[in-house]
Amino acid sequence: MSYEIIEKLQREIAGYTDDPAFHQVGMVVEVGDGIARIKGLTKAVSQELLHIQTKSGDVPAIAFSLEEEFIGAIILARGEGVAVGDRVRGTGRVLSVPVCDEILGRVVTALGESADGKGTIGTEASTTYCPLERPAPDVVSRESVRMPLHTGIKAVDAMIPIGRGQRELIIGDRGTGKTAVALDTILNQMNDKGRPQVYCVYVAIGQKQSKVAQIVHKLRKAGALEYTTVVSAPAGSPAPLLYLAPFAGAAIAEYFMDKGKDVLVIYDDLSKHADAYREISLLLRRSPGREAYPGDIFYLHSRLLERAAKLDKAHGGGSFTALPIIETKLGDVAAYIPTNVISITDGQIYLESSLFNQGIRPAVNVGLSVSRVGSSAQTKAMKKVAGKLRLELAQFRELAAFVQFASDLDASTRAKIARGELLTELLKQPDGAPQAFYHTVPVLYAALNGYMEHVAKSEVRSFETRLIDYLDAHHRADILKPIETTGEMTEETEQSLKAALLKFTKE
Amino acid sequence: MIYRPSHYAAAFRNALSSGVSFEIAKKNLLSSLEKRGDGHRFRQVVQEIERLETRAHGGQCVTLEFAHEPTQDARTALTHAFGPHDRVSSTVRSDLIAGVRITIDDERELDISLAGKLRALFH
């Protein structure tokens, strides 16, 4: 290893060419709390990458505020080494991250550097530098969202379908399973063989390092890390890195989208991102607005989320799906940042603490959750079976207050309540066990067409497991495979499914 | 409102050009700095005044930073590389290791010191 290092250094030294020239330079006149005020560099552009020449080496910074005589720069590292009087050089380029195909399976920082101890990522020749800030695709280069992105969560895939190229917000209090929903979506991309592979980027903003390690371990164990990149800006990072992490994730996603691939990015979570941006803005002495957030806090998230798109064939046909996560306090979805992001995204999955505490997990409040893309992003098979599901559950919720008086109700009301309880139980799902949509379709078909009338609430989970095993063993070719490959349930497939369900329930 | 050294320097030069005597302008500048609690910035204000004066006469403020005390010939040769209106100052900075760094108007620099070459090599 040391021999390789010596070789590399020897090549660099031998290849060094001296080219003395005048360069633009500035000087640090004030520094503190991760912010440096720099005099000079009059030709610096906004978001330009700067290098502060400290005694212990060059420290990167970004020109954030361009004032009349000074530049307010955010330091992208621990700022202890930066002192007043240090020289600053501009680079002439905006901040960008190095991306290549080998970034899949790796854990990187917000600056694109390796954070998993596995060495450098890719080679110089294979690396592309993608800018962190890039204009979103315009209207002309987009097309409608039609292809589904299956999350593997029955409640979501049936009633709140997400399409490739959509932005769907996951919102809820702490401990309601937001990250679990996001991770199940990543894991489920292994199950969706009938469609192009989705590459995933998980952006951890302000998370505990132990939590990020657990997530990486979970993805690696399931084999999902092969198509996933983790961008980590842990809680102990300086605020500038927390601010940049989602943009780094978006830049990585755009690299693959421009190659015609489908990408999913999860921003976990944007509440911490907003807090980091508030901290930076206040340190830069920008005027505070509502809740001390700067006036452009909406623009911060809107320009990030607008980069998610489904491109038309002329631009490669790739897609970039965004699942931002927002943490609410005490269920207040009408707070400042949650309402901002709700108005930007194409729908939300609302996770409720009360449902979670009742044991309904995932704790999706179907009444308040919505997907604005809707059934356009659902397979025909799923559309066929799930059409009635939302209505049945809505009727059940209305009758929920009468559940405790079930013995005093008429037969049809009791039947609706029983059906609602069955469906609620059916939609429960353990963490880390996403279900392929070609399994969900026959299960929901069975539930909604009366094949599970006789099944007790406590038996629903085992009935479902046995049904799936039965279909896998005996009806892979005539029921599951057609649904998986075509996304449709033809008349022939439906007849086969009916016959299979009759036989299974008799047994 | 924060008054920068450039504000004080511009006001001082404008006062001089309007006919106020140097002694009165100097005295009022000092009292103005004291009044606003900017006495600690006096040195920066003086530097700004020198810079504005040099620029007004078409010159540049040049700083020569040598790694070691230069010979008289070297110092003279470099100083004569600049014009009569340029204000040339020099210092010794051992952290440059060898060579010289030339800064013009605190905005442009030509770094031909060994420390600069090493930084360019390894970054």
#### Entry: segment B:14-42, subset more than 21 Å from the chain's Cα centre (by Cα) and of a type in the set (Asp, Glu), residue surrounded by the most Cβ atoms within 10 Å (Cβ to Cβ)
B:Glu34
### Message
If I ask for residues that are in a loop (DSSP other than H, G, I, E, B), in contact with a helix residue (DSSP H, G or I) (Cβ under 8 Å, 6 or more places away or on another chain) and under 22 Å from A:Leu393 (Cα atoms), which ones from segment A:332-360 would you list?
### Response
A:Ile360
#### Entry: Conditions (1) away from chain A (no Cβ under 11 Å); (2) closer than 20 Å to A:Lys39 by Cα; (3) not small (Gly, Ala, Ser): number failed by B:Pro84
(2)
### Task
Hey, can you tell me all the residues within segment A:1-29 that are within 41 Å of the chain's Cα centre (by Cα), part of a helix (DSSP H, G or I) and facing chain B (nearest Cβ under 8 Å)?
A:Glu12
## Note on the structure
Checking A:Glu102, A:Glu80, A:Glu69 in turn, the sole residue that is charged (D, E, K, R) and within 28 Å of the chain's Cα centre (by Cα) turns out to be A:Glu102
### Task
Scan (1) assigned to a helix (DSSP H, G or I); (2) under 36 Å from the mean Cα position of the chain (by Cα) for the single condition A:Met489 breaks and write down its number.
(1)
### Sole residue being in contact with a helix residue (DSSP H, G or I) (Cβ under 7 Å, 6 or more places away or on another chain) and farther than 21 Å from A:Leu95 by Cβ, chosen from A:Tyr277, A:Tyr243, A:Tyr267, A:Tyr199
A:Tyr199
### Task
Consider A:Arg303 carefully, then state whether it is assigned to a loop (DSSP other than H, G, I, E, B), surrounded by 16 or more Cβ atoms within 10 Å (Cβ to Cβ) and touching a residue at least 40 places away in the same chain (Cβ under 8 Å).
no
### Output for segment A:310-357, where each listed residue is in contact (Cβ under 8 Å) with a residue 60 or more places away in the chain, farther than 29 Å from A:Glu254 by Cβ and among the acidic types (Asp, Glu)
A:Glu352
#### Entry: Subset tally (residues that are more than 7 Å from chain A (Cβ to nearest Cβ) and outside any strand (DSSP E or B)) for segment B:92-118
13
#### Entry: Residue satisfying condition, being modelled with pLDDT of 95 or more and surrounded by 21 or more Cβ atoms within 10 Å (Cβ to Cβ), within set A:Ile153, A:Ile121
A:Ile153
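Out of A:Ala363, A:Ala335, A:Ala386, which single residue is surrounded by 19 or more Cβ atoms within 10 Å (Cβ to Cβ), among the small types (Gly, Ala, Ser) and at pLDDT 95 or above?
Checking each option against the conditions leaves just A:Ala363.
Among the candidates B:Thr103, B:Thr63, B:Thr76, B:Thr91, which residue alone is hydroxyl-bearing (Ser, Thr, Tyr) and more than 27 Å from A:Thr42 (Cβ to Cβ)?
On the way: B:Thr103 fails: more than 27 Å from A:Thr42 (Cβ to Cβ); B:Thr63 fails: more than 27 Å from A:Thr42 (Cβ to Cβ); B:Thr91 fails: more than 27 Å from A:Thr42 (Cβ to Cβ).
Every option except B:Thr76 fails the conditions.
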### Task
Please give the number of the condition B:Gln44 fails out of (1) assigned to a helix (DSSP H, G or I); (2) within 11 Å of another protein chain (Cβ to nearest Cβ); (3) more than 20 Å from B:His7 (Cα to Cα).
(3)
### strands (runs of 3 or more DSSP E) wholly inside segment A:30-82 containing at least 1 residues that are surrounded by 17 or more Cβ atoms within 10 Å (Cβ to Cβ), within 13 Å of chain B (Cβ to nearest Cβ) and among the small types (Gly, Ala, Ser)
A:35-40
#### Entry: Hits in segment A:403-424 - residues which are farther than 27 Å from A:Ala386 by Cβ and modelled with pLDDT of 80 or more
A:Asp410
### Query
Does at least one position in segment B:60-78 carry a residue that is within 23 Å of B:Asp111 (Cα to Cα), more than 14 Å from every other protein chain (Cβ to nearest Cβ) and among the β-branched types (Val, Ile, Thr)?
yes
### Query
Before we move on, is B:Leu52 more than 25 Å from A:His51 (Cα to Cα), within 14 Å of another protein chain (Cβ to nearest Cβ) and touching a helix residue (DSSP H, G or I) at 6+ places or on another chain (Cβ under 6 Å)?
yes
### Task
Would you point out which residue out of A:Ala446, A:Ala499 is out of contact with any helix residue (DSSP H, G or I) (no Cβ under 8 Å at 6 or more places or on another chain), aliphatic (A, V, I, L, M) and part of a helix (DSSP H, G or I)?
A:Ala499
### Query
Quick one: what pairs do we get from segment B:1-25, first residue closer than 18 Å to B:Arg43 by Cβ, second of a type in the set (A, V, I, L, M) and surrounded by fewer than 14 Cβ atoms within 10 Å (Cβ to Cβ), C-beta under 9 Å, 6+ apart or different chains?
B:Arg13/B:Ala56
### Message
Being acidic (Asp, Glu), in a loop (DSSP other than H, G, I, E, B), within 14 Å of another protein chain (Cβ to nearest Cβ) and at negative phi is the requirement here; does A:Glu124 meet it?
### Response
no
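Would you mind finding the one in A:Val203, A:Val230, A:Val181, A:Val156 that is in contact with a strand residue (DSSP E or B) (Cβ under 9 Å, 6 or more places away or on another chain), over 28 Å from A:Asp332 (Cα atoms) and of a type outside the set (S, T, N, Q)?
Working: A:Val203 fails: over 28 Å from A:Asp332 (Cα atoms); A:Val181 fails: over 28 Å from A:Asp332 (Cα atoms); A:Val156 fails: over 28 Å from A:Asp332 (Cα atoms).
Within the list A:Val203, A:Val230, A:Val181, A:Val156, the selection yields A:Val230.
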### Query
Of the residues A:Val108, A:Val88, which single one is crowded, with 21+ Cβ neighbours inside 10 Å, within 12 Å of another protein chain (Cβ to nearest Cβ) and among the β-branched types (Val, Ile, Thr)?
A:Val88
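The values are calculated or read from the model by the stated rules, or taken from the named source; none is laboratory data. Owing to the predicted nature of the structure, the values given are computational and were not obtained by experimental measurement. Neighbour counts are summed over all protein chains in view; Cβ atoms, including those assigned to glycine, are modelled from backbone coordinates with ideal geometry.
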